[in-house]
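A.B. asks: Encoded as structure tokens, here's the structure I'll be asking about.
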Amino acid sequence: MTGLWDVIARSGSSSTKVAAIGECMIEIVRRPDGSCAFGYAGDTLNTSVYLARLGLAPSYVTALGTDPFSDDMMTFWKAEDIGTELVARRPDKLPGLYIVSTDDAGERRFHYWRNDSAARTLFTLPEDAAQLAALARFALIYWSGISLAILREAARERLLETLVRRRAAGGLVAFDTNFRPRLWPDLGAAREVYAAALRQADIVFTSLDDEAPIFGGDEDALIARHEGCGVRETVIKRSPPGCRVVTRDGGIDVAVEAPPVANVVDTTAAGDSFAAAYLAARLKGEDARSAAMSGHRLAGAVVGVRGAILPRESMPGGL
């Protein structure tokens, strides 16, 4: 195990507290026959569900309304053993909503209604200072490019300042690049903010599909950029399915091919579940290759069903 993981693994992975920051939305999945399934999902929320199922102790950091849909979300999270103590409630706001449809190959198409969602007010109000201060008690903070995009500029700056302090005190930050062009006014704005986020990240889950539109360049340029920003462990998701893990602490540079999946139904949450299984495995002391294989196994199960969250009975063993 590298020094990076020693920071939070010493006390045992089963007690590791993770703060996941982001937005959960109302999810409507449109099936090929035209029928719809209703649920709740969002990239960092999906990861939180799988982190909890794999034995960690995640809390979700977001803002919701005081409506029945927001109440249902909280009930769902608690049922999945996700802490809700850092959820801000906004009586004048509602959760965002999206509809997802998939083609015959399992590829997704999304339609969003989220511009005025409660989560976009996260870290904007004076009382949210307590929310930020509470992040100091978490060993690992996890967020994504979507979390980054939905925050208002002042809120984003407050969070980045909090991450600086948390890392200085020994905490770790994991960041999933998850770039969504429609959430940004232009590439220049995205480039500046992503660079700031990378400078405050210890572990980054990324891909060329995410970073090349923002920064340009190939995989070697991506690795050099992360090294320049001080990222200590980079996990590059590749297509065809696989990944490359590069670490600074242990001098690791390894490619890990994903096992084949017989029937891809829906690729929703493939990356979110991969990140959860990877982090959980690393916190248990597993090496990068084993952690990546755990990520691939869980993601392979997730893409075999519709929607972001596997039924509990479908969770693969041995993770």
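Taken together, the values in this text are just the output of simple stated rules run on the coordinates, not laboratory data. Quantities reported herein were computed from a predicted structural model and do not represent experimental measurements. Virtual Cβ from ideal backbone geometry, glycine too; neighbours counted across all protein chains shown.
A.B. asks: Could you estimate the translational diffusion coefficient of segment 184-319 from the Stokes-Einstein equation, with Rh from the Kirkwood formula over C-alpha pairs, at 25 °C and 0.890 mPa s, in whole µm²/s? Don't jump to the answer; show the numbers that get you there.
C.D. replies: Values: Rh = 15.7 Å.
In µm²/s, the coefficient rounds to 156.
A.B. asks: Let me ask something else. When all alpha-carbon pairs of the chain are counted, what percent fall beyond 25 Å? Could you put the intermediate results ahead of the total?
C.D. replies: Numbers: 23432 of 50721 pairs.
For the chain, the share of Cα pairs beyond 25 Å comes to 46 percent.
A.B. asks: Using the Cβ atoms and a cut-off under 11 Å, what net charge is assigned to the surroundings of residue 67, where Lys and Arg are +1 and Asp and Glu are -1?
C.D. replies: On the way: positive: 89, 90, 93; negative: 71, 72, 92.
Combined, the nearby Lys, Arg, Asp and Glu give 0.
A.B. asks: Give me 302, 256 ranked fewest to most by other Cβ atoms within 10 Å of their Cβ, as a rough exposure proxy.
C.D. replies: Values: 302 30, 256 19.
By the 10 Å Cβ count, ascending, the order reads 256, 302.
A.B. asks: Can you show me the helix-derived [θ] at 222 nm for the chain, built from DSSP H runs with n ≥ 4 at -39,500 (n - 2.57) apiece and divided by the number of residues, rounded to the nearest 500. Provide the component values of the computation, followed by the final result.
C.D. replies: Values: 11 runs with 119 residues, N = 319.
After summing the helix terms and dividing by the residues of the chain, the value is -11000 deg cm²/dmol.
A.B. asks: Taking the convex hull of the Cα atoms, report for segment 10-81 its projected area averaged over all directions, in nm².
C.D. replies: Working: hull surface 22.7 nm².
Across all orientations, segment 10-81 yields a mean hull projection of 5.7 nm².
A.B. asks: Taking a temperature of 10 °C and a viscosity of 1.306 mPa s, what whole-number D in µm²/s does Stokes-Einstein yield for segment 55-181 with Rh from Kirkwood over alpha carbon pairs? List each step's numbers first, then the result.
C.D. replies: Details: Rh = 16.0 Å.
After rounding, the answer is 100 µm²/s.
A.B. asks: Counting other C-beta atoms within 10 Å, which of 179, 205, 110 has the fewest, and how do the rest follow?
C.D. replies: Values: 179 23, 205 28, 110 12.
The order, fewest Cβ neighbours first, is 110, 179, 205.
A.B. asks: Follow-up. Which of rounded, prolate, oblate describes segment 149-224, given a ≥ b ≥ c as roots of the alpha-carbon gyration tensor eigenvalues and a/c under 1.5 marking rounded, otherwise prolate only if a/b is larger than b/c?
C.D. replies: Details: a/c = 2.34, a/b = 1.27, b/c = 1.84.
Oblate shape, in that a/c is at least 1.5 and b/c is the bigger or equal ratio.
A.B. asks: Would you work out which of 204, 168, 62 lies farthest towards the positive end of the dipole of the chain, given +1 charges on the beta-carbon of Lys and Arg and -1 on that of Asp and Glu, about the Cα centre?
C.D. replies: It is 168, whose Cα lies furthest towards the positive end.
A.B. asks: Please report the projected area of segment 41-107's Cα convex hull averaged over all directions, in nm². Intermediate values should be presented prior to the final figure.
C.D. replies: Values: hull surface 21.4 nm².
Its Cα hull, projected and averaged over all orientations, spans 5.4 nm².
A.B. asks: For residue 93, list the aspartates and glutamates whose Cα falls under 18 Å from its own Cα; do not include residues on the same chain fewer than 8 positions away.
C.D. replies: Result set, ordered by chain and number: 23, 27, 67, 71, 72, 116, 127, 128.
A.B. asks: Considering only the chain, what is the antiparallel percent among its DSSP beta bridges, to the nearest 5? Intermediate values should be presented prior to the final figure.
C.D. replies: Details: 23 of 54 bridges.
Once the DSSP bridges in the chain are tallied, antiparallel ones form about 45 percent.
A.B. asks: In addition: Bin width 5 Å, alpha-carbon pairs only: give the P(r) of segment 220-274 as whole percents, running from 0 to the bin holding the largest distance.
C.D. replies: Going from the shortest bin to the longest, the percentages are 4, 16, 24, 22, 15, 10, 7, 2.
A.B. asks: Listing 78, 93 from the residue with the fewest other Cβ atoms within 10 Å to the one with the most, what is the order? Display every interim value, and only then the final one.
C.D. replies: Working: 78 11, 93 20.
Least crowded to most crowded, the residues run 78, 93.
A.B. asks: Let me ask something else about it. Take the alpha-carbon centre of segment 149-228, take the same for segment 26-85, and report the distance between them in whole Å.
C.D. replies: Cα centroid to Cα centroid, the span is 24 Å.
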